[in-house]
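The values are calculated or read from the model by the stated rules, or taken from the named source; none is laboratory data. Just so it is clear, the model here is predicted, and its values are computed rather than measured. Please note: Cβ atoms are built from the backbone with ideal geometry, for glycine as well, and neighbour counts cover all protein chains shown. The protein model used for the area step is the full one, side chains on, heavy atoms only, and it has no ligands, DNA or RNA in it. Shrake-Rupley method; radii C 1.70, N 1.55, O 1.52, S 1.80 Å.
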Amino acid sequence: LYHESININDPMNKEAAMNTWSRHEIGHDSPQAMARVLALVVSHDSRVKASEMEMLDQLGAFERIGVDADDFDEYVEHGSIDTAARHRAGSAAFLGWRDIEHIEQALSGVQEPSHRLMLCRLAAGVITADGRVSDIERLAFQHMCNRWGYTSSDIARAIREDRSYGSRGPQRSE
C-alpha cells in the first residue's frame, strides 16, 4: 500500500499519490483490490461521510471484503476521485478521462462475479446512506455497474437477497 506523508490537497501531490497508488501491484480479487473499488465509488474529495462509514459498518463491508476500517481509510485518502477543482469550476457532474482511467484500473482488479456483485450492492447502500447521491457518486456507481454488466434490476435483487446479512452477519447454508 502506498503510504507517505504528503498534502493530498495539493493537485500535484494528489496526482502523484494516485499514480503511485494505481501502479501498486495488487492481486486480482484480493481484499485490497475490492477496497480500492469501493473507495473509488463511495468517496470524493478524499473523505467518506460519517453516515457512509456507519453504513459500511452496518453492511459488514470491511469483514466482507477483508480489510479493516483503517486500511480502508488509506484507500479513500489515496484513491478517491478528486472533485474539488471541478466544484470550484462549477462542473462537478462529469468524470474526466483520468477519473475513468483510474476507475477502470481499479475495476480490472476484481474478476470474480460474486465479488463484483457484492461491491455493487455495498456501493448502492453507501452512496444512498446520507439520503443524497452526489453526481460523482452516481456517475462512478453507474460506470461500475455498466462496466461489469449489471442492471438496476440485478442490484435491486442483490440488495433484497442481502437483507439476510443484517446484524447477524453472513448466513451460511449447511
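Heavy-atom accessible surface of HIS28, to the nearest 10 Å², is about 120 Å², with a 1.4 Å probe and all protein chains retained. Using the Cβ-Cβ distance between ILE100 and SER152 with R0 = 30 Å, the FRET efficiency computed as 1/(1 + (r/R0)^6) comes to roughly 0.90. Full extension of the chain segment joining GLU161 with ASP130 gains 8.9 nm, where the gain is 0.36 nm per residue of separation less the Cα-Cα distance. Counting only heavy atoms of the protein chains and using a 1.4 Å probe, SER152 has close to 100 Å² of accessible surface.
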